[in-house]
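Heads up, the thing below is written out as structure tokens.
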Ligand SMILES: *Cc1c(COP(=O)(O)O)cnc(C)c1O
């Protein structure tokens, strides 16, 4: 691809017309196997687990959007994180953000640690703590920024510098920002991970995950994991993500505009406290957000006084849906303590600062005045 600007890349990277028919959309190649041209020769594909033409196009688009050298699509975000650590061995050590997606903790603590891989959770917003946590057997530093639901930032460039000096790779879960608003590879990270279920698909109609590597060895490693472990995204899901990607920059602009407007409204509302949104000057890491992000996104959270108030709020909202997940066109509100952090112990939640009144919003692309009016009437009912 020539050096196109972002919105052009989103529409065209990986999405050139079909060479056979001229179809402007990438065809969905629903074929498990491909006719070979001889013994040991083929047209580029032999079996869909190893490679599928629709998946190839999505993977090319993902690599272009993150400025990586290869993209790899998986059945879900969790399958992508599983693939990320699949080549680690007993005795290896992972340093992971403590304030990370709860599903990542479940995977690491209940499955990966059983393979003899040690996982250490660290507040990665504290660079000293990252430095101290890296040991001779550390193979990966996995960070998520901003974090869920408290929107705490980790300095990707600084962590990457620390890790690189010790020969350790850094992976970044970039789901909350999308490739439009944050480019971890540019900041020095080695691997980017996405749950494409969120902004990349953008329409809440499919599960998927991705890894984007920056070196040829990542391509070899993740191709092997795709072929050997097999959790590859189906051609139809690939098509949905490709379709979502075309409008990603456009959607993100609207998410951003609405996110800022909603945050400014909430910041002044007397019934809420502890609003966490990196786009507000009152956010303790506002300067870092400006430095490493290209925008502030549309994820935020705030506190109501109790679980009871949270329940009344969720009953009263009309446009915002009481649902988990994020990054779709529709606005969602969710009660952190019983959804994303439902599997986390009460004690840990207290330590993290997630109380029973904590509400998370994923602000969609509806009209911002309608969204604010909806929140206003729901807060009046609290
Ligand atoms: C949703 C999510 C995941 C997991 O992705 P799935 O597609 O649900 O498996 C991982 N990380 C973050 C930040 C997420 O929001």
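At-a-glance table
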{"quantity": "Any hit, the range 119-127, residues being under 18 Å from the mean Cα position of the chain (by Cα) and within 15 Å of the ligand (Cβ to nearest atom)", "calculated": "yes"}
{"quantity": "Test: residue in the range 243-265 that is on the phi > 0 side of the Ramachandran plot and in contact (Cβ under 8 Å) with a residue 24 or more places away in the chain", "calculated": "no"}
{"quantity": "The range 206-219, residues that are in contact (Cβ under 8 Å) with a residue 40 or more places away in the chain and more than 8 Å from the ligand (Cβ to nearest atom)", "calculated": "210, 211, 212, 213, 214, 215, 216, 218, 219"}
{"quantity": "Any helices (runs of 4 or more DSSP H) falling wholly within the range 18-116 and containing at least 2 residues that are crowded, with 20+ Cβ neighbours inside 10 Å, away from the ligand (no atom under 15 Å from the Cβ) and not assigned by TED's automatic domain parsing to the domain that holds residue 343", "calculated": "53-66"}
{"quantity": "Test: residue in the range 50-73 that is closer than 30 Å to residue 345 by Cβ and out of contact with any helix residue (DSSP H, G or I) (no Cβ under 7 Å at 6 or more places or on another chain)", "calculated": "no"}
{"quantity": "Criterion violated by residue 365 - all others in (1) touching a strand residue (DSSP E or B) at 6+ places or on another chain (Cβ under 9 Å); (2) touching a residue at least 40 places away in the same chain (Cβ under 8 Å); (3) buried (at least 20 other Cβ atoms within 10 Å of the Cβ) satisfied", "calculated": "(1)"}
{"quantity": "Unmet requirement for residue 259, which otherwise passes all of (1) more than 19 Å from residue 326 (Cα to Cα); (2) in contact with a strand residue (DSSP E or B) (Cβ under 8 Å, 6 or more places away or on another chain); (3) away from the ligand (no atom under 15 Å from the Cβ)", "calculated": "(1)"}
{"quantity": "Some residue of the range 248-262 being more than 21 Å from the chain's Cα centre (by Cα) and either buried (at least 22 other Cβ atoms within 10 Å of the Cβ) or in the same structural domain as residue 186 (by TED's automatic domain parsing) (or both)", "calculated": "yes"}
{"quantity": "Criterion (under 22 Å from residue 10 (Cα atoms) and either touching a helix residue (DSSP H, G or I) at 6+ places or on another chain (Cβ under 8 Å) or within 16 Å of the ligand (Cβ to nearest atom) (or both)) met by exactly one of 154, 197, 145", "calculated": "197"}
{"quantity": "Check on residue 345, closer than 24 Å to residue 145 by Cβ and crowded, with 16+ Cβ neighbours inside 10 Å", "calculated": "no"}
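The values are calculated or read from the model by the stated rules, or taken from the named source; none is laboratory data. Note that the coordinates shown come from a computational prediction; the quantities given were computed from them, not determined experimentally. Quick reminder, even Gly has a Cβ in these numbers, built from the backbone with ideal geometry, and neighbours come from all protein chains shown.
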